[in-house]
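A.B. asks: Take this structure first; my questions come after.
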Amino acid sequence: MFPITFKKTFSLIALTLAVSFLSGTFLFSQESSDEESENSPHSFSLTTDFTYHTKADPILSKAPRFAPITGIYDGIELRETATYKYNIPVPFGDNFLVSGNYLNLCGDFSLTPVNFDLKAYAEFSPVAFLVFSLGAKSGTGWNLMGMDGMSKYNNKNGKYDALDPFGCWFYEFNFQSLFQFDAAAIFPGDWNHVVFLALYDIRYTGLSAVDNGTPWAWQITYELANGWNYYSCALIGYQMPLKLKMVGLQAEFFGRYSSDSYDKMYKDFKGDYTFIALNPLAVIEFTKKDSLTILLNFTTRRGYNDKMEKKDGYEVTGLNLKYYADEWFFQRIAFRYCHKF
């Protein structure tokens, strides 16, 4: 049996944002809602995220580079999310740009092998091509079979110490804006759906039992810290009236606004590093209620010129090394299956 492991810093946290807006109605030029959901403001969905990681050993260099695949397996991730939405129509007129305006009141419950979290949020669309979202999330984690669900970095030995489940809480507050456009809104036709989406998400995240400036791990994602961070992405795709609903290319950016989120002893680590990812993707719509998103994830990570190794009982990690340049690598293939009830 394969162990569930994860060693990088670009995790399901980012993946969930990356594909969450792909599994629903795509753009304002389509039908405002499916016939089966028109009679009820309530909707419920169940989403399964699964990722498979390949191994790409770091290359020691001071220059930008691409690290090739060096192993066929480096861990998997699994996440189950239940989502409830209550839809309130708020049309501002009969014009197609404002007739479908809405306010959604939403709740998510997510579970992985090493944590769970609850999120409450509201989505508001004041015009067909804009959606704003405001939310809050909280959860707790545990260590399982060597996997750090929630832990605190110990600078004395370079290791992560487990935190007590329910004695420490992960929390997040976020504001998100989404812009969407479909060429078929100007040039109608089933085969004219060239789509563009751009998303920007501002977040404050933290662990309640960890002091500001001290690194921590959450959901097997290391080198995190309390503070403000951001996630943004842009997608261009072609949408078709087929089972293969869409193919596209997505660019992602994820990082912290300031390196001050980390103590000064980690200044060479570059705490405000921006992760960049390029993701070819496809969306398959089996029925109006079932869809599968497949995504190939090529991303960057901090590039160093020194090894991460154990020295005299001390675990040398990226926090102890000097950042030099981006290192690109193929990280994973991701699958998201969504079923709407």
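The values are calculated or read from the model by the stated rules, or taken from the named source; none is laboratory data. Keep in mind the model is a prediction, meaning the values are calculated, not measured. Neighbour counts run over all protein chains shown; Cβ positions are idealised from the backbone, glycine included. The area values use the complete protein model at the heavy-atom level, side chains included, leaving out ligands, DNA and RNA. Shrake-Rupley method; radii C 1.70, N 1.55, O 1.52, S 1.80 Å.
A.B. asks: In what sequence, largest accessible area first, do PHE66, PHE253 appear using a 1.4 Å probe? Could you put the intermediate results ahead of the total?
C.D. replies: Details: PHE66 110, PHE253 75 Å².
Correct descending sequence by accessible area is PHE66, PHE253.
A.B. asks: Name the residues whose placed amide hydrogens come within less than 5 Å of the amide hydrogen of ALA209, ignoring near sequence neighbours (fewer than 5 apart) on the same chain.
C.D. replies: Result for ALA209 returns TRP169.
A.B. asks: Multiply the residue gap between ILE59 and ALA209 by 0.36 nm, knock off their C-alpha separation, and tell me the result in nm, one decimal place. Provide the component values of the computation, followed by the final result.
C.D. replies: Details: separation 150, 0.36 × 150 = 54.00 nm, distance 3.53 nm.
Taking ILE59 through ALA209 to full extension adds about 50.5 nm, to one decimal.
A.B. asks: For ASP74, list long-range residues whose amide hydrogen, built 1.01 Å from N in the peptide plane, is under 5 Å from its own amide hydrogen.
C.D. replies: Those lying under 5 Å, H to H, from ASP74 are HIS53, THR54, LYS55.
A.B. asks: Can I ask one more? Calculate the length of the line joining the C-alpha centroid of segment 91-152 to that of segment 197-242, in whole Å.
C.D. replies: Segment 91-152 and segment 197-242 have Cα centres separated by 13 Å.
A.B. asks: Follow-up question, since we're still on this one. Net charge near PHE286: determine it from the other residues with C-beta under 10 Å of the C-beta of PHE286, scoring Lys and Arg +1 and Asp and Glu -1.
C.D. replies: Numbers: positive: LYS243, LYS245, LYS288, LYS289; negative: GLU285, ASP290.
Summing Lys and Arg as +1 and Asp and Glu as -1 gives +2.
A.B. asks: Quick one: accessible area per residue over segment 41-115, 1.4 Å probe, rounded to a whole number of Å²? Please list the in-between numbers first.
C.D. replies: Values: 3890 Å² over 75 residues.
Accessible area per residue: 52 Å².
A.B. asks: Here's a follow-up. Tell me, what HN-Hα J-couplings in whole Hz come from the Karplus equation 6.51 cos²θ - 1.76 cosθ + 1.60 at θ = phi - 60° for each residue of segment 235-243, using x for Gly and Pro?
C.D. replies: Whole-Hz 3J(HN,Hα) from phi for segment 235-243: 9, 10, x, 10, 9, 10, x, 10, 4.
A.B. asks: If one puts a single equal scatterer on every Cα of segment 194-319 and applies the Debye formula without solvent, what log₁₀ I(q)/I(0) results at q = 0.15, 0.18, 0.21 Å⁻¹?
C.D. replies: Results for segment 194-319 at q = 0.15, 0.18, 0.21 Å⁻¹ read -0.85, -1.03, -1.21.
A.B. asks: Let me have the relative contact order for the chain, percent, based on Cα pairs under 8 Å that are six or more residues apart.
C.D. replies: On the way: 894 pairs, mean separation 61.5, N = 341.
Averaging sequence separation for qualifying contacts and normalising by length gives 18 percent for the chain.
A.B. asks: Mind listing the phi-derived Karplus ³J(HN,Hα) values for segment 218-224, rounded to whole Hz, using 6.51, -1.76 and 1.60 with θ = phi - 60°, and x for any glycine or proline?
C.D. replies: 9, 6, 6, 10, 9, 6, 8
A.B. asks: Where is the GNM fluctuation largest for the chain (alpha-carbon springs, 10 angstrom cutoff): THR112, THR140, THR299?
C.D. replies: Comparing THR112, THR140, THR299 in a Gaussian network model of the chain, the most mobile one is THR112.
A.B. asks: Report, in listed order, any pair from LYS270/LYS307; LYS152/LYS264; LYS245/LYS340; LYS119/LYS245 with a Cα-Cα distance greater than 26 Å. List each step's numbers first, then the result.
C.D. replies: Details: LYS270/LYS307 17 Å; LYS152/LYS264 17 Å; LYS245/LYS340 16 Å; LYS119/LYS245 29 Å.
Beyond 26 Å: LYS119/LYS245.
A.B. asks: Let me ask something else about it. Compare ASN229, ASN143, ASN39 in a GNM of the chain, Cα atoms joined below 10 Å, and give the one with the largest fluctuation.
C.D. replies: ASN39
A.B. asks: OK, next. Keeping all protein chains in place and using 1.4 angstrom, which order do MET246, MET308 fall into by accessible surface area, from largest down? The partial results should precede the final answer.
C.D. replies: On the way: MET246 0, MET308 110 Å².
Result, largest first: MET308, MET246.
A.B. asks: Determine the share of the chain's accessible area contributed by carbon and sulfur atoms, expressed in whole percent, with a 1.4 angstrom probe.
C.D. replies: On the way: 10170 of 16160 Å².
Its accessible area is 63 percent carbon and sulfur atoms.
A.B. asks: Further, regarding this structure: Treat segment 267-331 as a sphere of radius equal to its Kirkwood radius over Cα pairs and apply Stokes-Einstein at 20 °C in a medium of 1.002 mPa s; give the translational diffusion coefficient in µm²/s, rounded to a whole number.
C.D. replies: On the way: Rh = 14.7 Å.
For these conditions, the coefficient is 146 µm²/s.
A.B. asks: For the chain, restrict the atom set to alpha-carbon positions and state the Rg and Dmax in Å.
C.D. replies: 20.9, 72
A.B. asks: Can you give the accessible area of TYR121 in Å² (nearest 10), computed on protein heavy atoms with a 1.4 Å probe?
C.D. replies: Surface accessible to solvent at TYR121 totals approximately 30 Å².
A.B. asks: Tell me the accessible surface of CYS106 in square angstrom (1.4 angstrom probe, heavy atoms of protein chains only), to the nearest ten.
C.D. replies: Accessible area, nearest 10 Å²: 10 Å².
A.B. asks: For segment 272-286, in order, what is each residue's ³J(HN,Hα) by Karplus, 6.51 cos²θ - 1.76 cosθ + 1.60 with θ = phi - 60°, in whole Hz (x at glycine and Pro)?
C.D. replies: After applying 6.51 cos²θ - 1.76 cosθ + 1.60, I find 9, 4, 9, 6, 10, 9, 10, 10, x, 8, 9, 10, 10, 10, 6 Hz.
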